[in-house]
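The values are calculated or read from the model by the stated rules, or taken from the named source; none is laboratory data. Just so we're clear, the structure is a prediction, and the values are computed from it rather than from any experiment. Positions of Cβ are generated from backbone atoms using ideal geometry, with glycine treated the same way; all protein chains shown enter the neighbour counts. The protein model used for the area step is the full one, side chains on, heavy atoms only, and it has no ligands, DNA or RNA in it. Shrake-Rupley method; radii C 1.70, N 1.55, O 1.52, S 1.80 Å.
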Protein chains: 2
Amino acid sequence: MTTLVFGHKSPDTDSTGSPILWAWYLNEIKGVEAEPVLLGEPNTEAAFMLTRWMLDKPEIISDVADDQPCVVVDTNNPAELPANINGADVREIIDHHKLVGGLETRGPIDITIRPLACTATIMIDKIGNDYSKMPDDMKGAALTCILSDTLEFRSPTTTDHDREVAEKLAADLGISIPDYAAEMFAAKSDVSAFSDAELIRMDSKEYEVSGTKFRVSVLETTAPATVLDRKDSLMASMADVAKEDGVDQVLLFVVDILNEEATLLVPNDLVKTVAKKSFGADASGDTVVLPGVMSRKKQIIPNLAV
Amino acid sequence: MTTLVFGHKSPDTDSTGSPILWAWYLNEIKGVEAEPVLLGEPNTEAAFMLTRWMLDKPEIISDVADDQPCVVVDTNNPAELPANINGADVREIIDHHKLVGGLETRGPIDITIRPLACTATIMIDKIGNDYSKMPDDMKGAALTCILSDTLEFRSPTTTDHDREVAEKLAADLGISIPDYAAEMFAAKSDVSAFSDAELIRMDSKEYEVSGTKFRVSVLETTAPATVLDRKDSLMASMADVAKEDGVDQVLLFVVDILNEEATLLVPNDLVKTVAKKSFGADASGDTVVLPGVMSRKKQIIPNLAV
């Protein structure tokens with residue numbers, strides 16, 4: 001049976017590109033029949049990567065069948081995976097997030113989790129000397145993943161190793177990283193086609209802090225004004241999204257990639273308290289700027305308090 | 001704060017030797033202050049390894065403090081770890097068991113799980129070129145772990161890679177594997193000092209099958225007669241152990257390393273049914289021989305039915 005390779009729901013660039021890269025490796029190098037799939041529509045930056053490197057858009061699946069061979073990448077969280085993931089046969093996990101527990105395997109398998117910024121960086125390490133067999137489209141996918149997850153090395157999640165790997169990929173492809181990253185971020189920033197609810201759910205994870213359930217949404221953009229111009233309708237939409245998704249509050253951080261800061265929307269006193277207790281920020285109006293904040297993983301989640 | 005490195009409760013050779021090896025690597029190669037510790041008394045084979053290679057017996061700890069930096073090896077199962085493991089700060093996991101879920105980390109960390117027979121094999125891979133800096137006692141510990149977990153390459157968990165690594169270690173140490181393994185297994189088989197309950201709990205894991213909770217105990221020995229001579233009192237002890245440990249039934253498999261077979265003790269009709277449904281074996285008396293069965297992980301647990 002074909003092995004399905006997938007990342008998390010609401011696929012971003014790494015959860016779109018890494019499954020494509022790993023399915024290539026399994027098919028071409030390891031001789032394992034594999035197919036990359038998606039758990040939802042890729043975001044605009046991921047869609048740009050597919051077009052730029054002429055990659056087929058993977059099929060979108062809604063669940064996995066019992067006993068389906070799977071490789072899980074870029075997450076180890078069952079909440080971000082198909083509902084039947086523990087009924088499937090997970091054969092390998094490659095990830096760079098904290099272990100949350102809940103995912104189970106049938107036997108001992110290969111699991112590689114590393115504290116690097118990007119899944120694709122780990123994959124390049126695992127590919128090792130077979131790197132020489134990687135075609136340009138696979139190198140392009142890997143480069144896009146790393147520049148996306150590191151925000152062109154600006155995010156505090158960036159390690160020296162992510163940077164080295166990206167620079168090697170760019171050199172081999174003859175690509176200028178600043179020019180290419182600007183194209184990527186422009187694609188990511190083009191969110192005009194999305195509804196408020198879609199924007200809120202686009203890059204979003206649920207976390208519980210002191211009994212309060214949050215949906216922590218991040219929008220990384222080089223054009224924050226285009227999002228902030230919609231702040232009233234976004235804030236109005238938050239209550240509906242929270243209700244539909246069974247959380248207490250949506251937190252929306254608009255990350256300005258170039259200025260290296262986040263703007264948190266402050267629709268009510270609860271979020272005002274979160275801004276104060278988490279970041280020491282006094283929100284007087286309906287937004288508050290958090291200088292230097294770019295990473296949900298490294299800066300937002302570890303500080304979240306209410 | 002010193003990082004504590006430990007394996008599972010009821011430490012066998014791999015859960016005694018691998019923490020010692022990894023603490024050496026952290027201290028001497030990575031410059032991280034680390035100390036191997038044990039979660040209980042090592043078994044007789046592990047004790048033999050300590051004596052043979054003149055290794056200090058690690059301190060036995062009963063639990064870990066909040067925020068204690070830890071490296072967990074040879075398990076990822078919270079039930080086999082200190083009660084407060086999720087209050088501690090787990091910094092790394094190296095293991096060769098299936099992912100069971102439940103262990104959590106504070107952030108993204110290094111996790112390496114491989115479908116190999118032995119944790120020490122994975123460590124030798126991770127140590128890489130620093131292998132040249134390993135002193136003989138560390139090579140001896142690693143060799144003992146691999147020969148123990150593979151039952152000198154007889155267990156079906158053995159991979160070519162485990163064998164290659166063990167043969168390199170033995171060659172570098174100038175040791176004959178058959179002679180050394182015979183010494184190890186003689187030490188493991190000397191169980192005269194243990195009570196029946198201690199024997200039952202020595203190498204034992206809990207599993208639930210169709211709502212029935214089992215304690216699946218394995219005794220690997222080159223002298224099965226010395227255990228089977230005690231079968232009446234062992235069977236009498238099973239009910240007490242089951243009650244104390246909150247399980248429905250103890251299953252005791254006496255693995256004959258040299259003849260490559262297991263003898264299952266059959267104290268009642270439930271275990272008779274287990275023998276039939278799991279292994280197609282008709283138990284007419286109070287024991288039943290299962291030819292070729294040597295591995296709990298590969299042969300007993302996957303077939304367990306009631």
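Considering only segment A:19-36, state which residues are in a helix (DSSP H, G or I) and either under 14 Å from residue A:7 (Cβ atoms) or touching a residue at least 40 places away in the same chain (Cβ under 8 Å) (or both).
A:19, A:20, A:21, A:22, A:23, A:24, A:25, A:26, A:28, A:29
Out of A:116, A:143, A:199, which single residue is under 27 Å from residue A:216 (Cα atoms) and in contact with a strand residue (DSSP E or B) (Cβ under 8 Å, 6 or more places away or on another chain)?
A:199
Of the conditions (1) closer than 26 Å to residue B:182 by Cβ; (2) in contact (Cβ under 8 Å) with a residue 60 or more places away in the chain; (3) more than 14 Å from chain A (Cβ to nearest Cβ), residue B:298 fails just one. Which one is it?
So the condition that residue B:298 fails would be (3).
List pairs: first in segment A:90-108 and under 18 Å from residue A:69 (Cα atoms), second among the aromatic types (Phe, Trp, Tyr), Cβ under 8 Å, 6+ apart or cross-chain?
Listed by first residue and then by second, the contacts come to A:94/A:22.
Out of segment B:88-108, which residues are open to solvent by 10 Å² or more (accessible area, probe 1.4 Å) and either away from every other protein chain (no Cβ under 11 Å) or aromatic (Phe, Trp, Tyr) (or both)?
The one that is open to solvent by 10 Å² or more (accessible area, probe 1.4 Å) and either away from every other protein chain (no Cβ under 11 Å) or aromatic (Phe, Trp, Tyr) (or both): B:89.
Confirm whether residue B:181 is among the small types (Gly, Ala, Ser), in contact (Cβ under 8 Å) with a residue 24 or more places away in the chain and open to solvent by less than 30 Å² (accessible area, probe 1.4 Å).
yes
If only one of B:246, B:285 is on the phi > 0 side of the Ramachandran plot and in contact (Cβ under 8 Å) with a residue 12 or more places away in the chain, which one is it?
B:246
Is it true that residue A:41 is assigned to a helix (DSSP H, G or I) and away from chain B (no Cβ under 14 Å)?
no
Kindly evaluate residue A:278 against the criterion of being assigned to a loop (DSSP other than H, G, I, E, B), more than 14 Å from chain B (Cβ to nearest Cβ) and of a type in the set (S, T, N, Q).
no
In segment B:142-163, what residues are more than 16 Å from residue B:95 (Cα to Cα) and among the charged types (D, E, K, R)?
B:152, B:154, B:160, B:163
What's the total number of residues in segment B:199-232 that are outside any strand (DSSP E or B) and either of a type in the set (Asp, Glu) or open to solvent by 50 Å² or more (accessible area, probe 1.4 Å) (or both)?
Step one: of segment B:199-232, the residues outside any strand (DSSP E or B) are B:199-203, B:210-211, B:222-232.
Right, trim to either of a type in the set (Asp, Glu) or open to solvent by 50 Å² or more (accessible area, probe 1.4 Å) (or both) and you get B:201, B:203, B:210-211, B:225-226, B:229-232.
Summing the residues that are outside any strand (DSSP E or B) and either of a type in the set (Asp, Glu) or open to solvent by 50 Å² or more (accessible area, probe 1.4 Å) (or both) in segment B:199-232 gives 10.
Would you please name the residue that is nearest to the chain's Cα centre (by Cα), looking only at residues in segment A:281-306 that are part of a loop (DSSP other than H, G, I, E, B) and among the polar types (S, T, N, Q)? Outline the logic, then answer.
Going through segment A:281-306, the residues part of a loop (DSSP other than H, G, I, E, B) turn out to be A:281-286, A:292-295, A:304-306.
Still in the running and among the polar types (S, T, N, Q): A:284, A:295.
Details: A:284: 31, A:295: 11 Å.
Here the residue is A:295.
For residue B:94, only one of the following conditions fails: (1) touching a strand residue (DSSP E or B) at 6+ places or on another chain (Cβ under 8 Å); (2) within 14 Å of residue A:101 (Cβ to Cβ). What is its number?
(2)
Of (1) within 14 Å of another protein chain (Cβ to nearest Cβ); (2) open to solvent by less than 40 Å² (accessible area, probe 1.4 Å), residue A:19 satisfies all except one. Which?
(1)
Taking the criterion of being within 14 Å of chain B (Cβ to nearest Cβ), in a helix (DSSP H, G or I) and surrounded by 15 or more Cβ atoms within 10 Å (Cβ to Cβ), would at least one residue in segment A:234-253 satisfy it? Give the steps one after another, and end with the answer.
At the first step, the residues of segment A:234-253 found to be within 14 Å of chain B (Cβ to nearest Cβ) are none.
No; the residues of segment A:234-253 include none that is within 14 Å of chain B (Cβ to nearest Cβ), in a helix (DSSP H, G or I) and surrounded by 15 or more Cβ atoms within 10 Å (Cβ to Cβ).
In this structure, does residue A:155 turn out to be under 20 Å from residue A:295 (Cα atoms) and either outside the structural domain of residue A:29 (by TED's automatic domain parsing) or among the small types (Gly, Ala, Ser) (or both)?
The answer is yes for residue A:155.
Does residue B:115 meet the test of being touching a residue at least 12 places away in the same chain (Cβ under 8 Å), open to solvent by 50 Å² or more (accessible area, probe 1.4 Å) and within 14 Å of chain A (Cβ to nearest Cβ)? Give the derivation first.
Details: touching a residue at least 12 places away in the same chain (Cβ under 8 Å): yes; open to solvent by 50 Å² or more (accessible area, probe 1.4 Å): yes; within 14 Å of chain A (Cβ to nearest Cβ): yes.
For residue B:115, the condition - touching a residue at least 12 places away in the same chain (Cβ under 8 Å), open to solvent by 50 Å² or more (accessible area, probe 1.4 Å) and within 14 Å of chain A (Cβ to nearest Cβ) - is met.
Matching residues to (1) in contact with a Lys or Arg (Cβ under 7 Å, 6 or more places away or on another chain); (2) under 14 Å from residue B:124 (Cβ atoms):
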{"site": "B:166", "(1), (2)": "no, yes"}
{"site": "B:170", "(1), (2)": "no, yes"}
{"site": "B:180", "(1), (2)": "no, no"}
{"site": "B:187", "(1), (2)": "no, no"}
{"site": "B:199", "(1), (2)": "no, no"}
{"site": "B:206", "(1), (2)": "yes, no"}
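State the number of residues belonging to segment B:37-87 that are open to solvent by 10 Å² or more (accessible area, probe 1.4 Å), free of Cβ contacts under 8 Å to residues at least 24 places away in the same chain and out of contact with any strand residue (DSSP E or B) (no Cβ under 7 Å at 6 or more places or on another chain).
11
Let me confirm something: among A:273, A:263, which residue is under 25 Å from residue A:150 (Cα atoms), among the hydroxyl-bearing types (Ser, Thr, Tyr) and more than 14 Å from chain B (Cβ to nearest Cβ)?
A:263
Could you list, in sequence order, all residues of segment B:118-138 that are open to solvent by 40 Å² or more (accessible area, probe 1.4 Å) and either more than 14 Å from chain A (Cβ to nearest Cβ) or under 12 Å from residue B:149 (Cβ atoms) (or both)?
B:129, B:132, B:133, B:135, B:136, B:137
Take the residues in segment A:276-287 that are more than 23 Å from residue A:157 (Cα to Cα) and not charged (D, E, K, R); name whichever of them is most open to solvent (accessible area, probe 1.4 Å).
Per the stated criteria, the residue is A:284.
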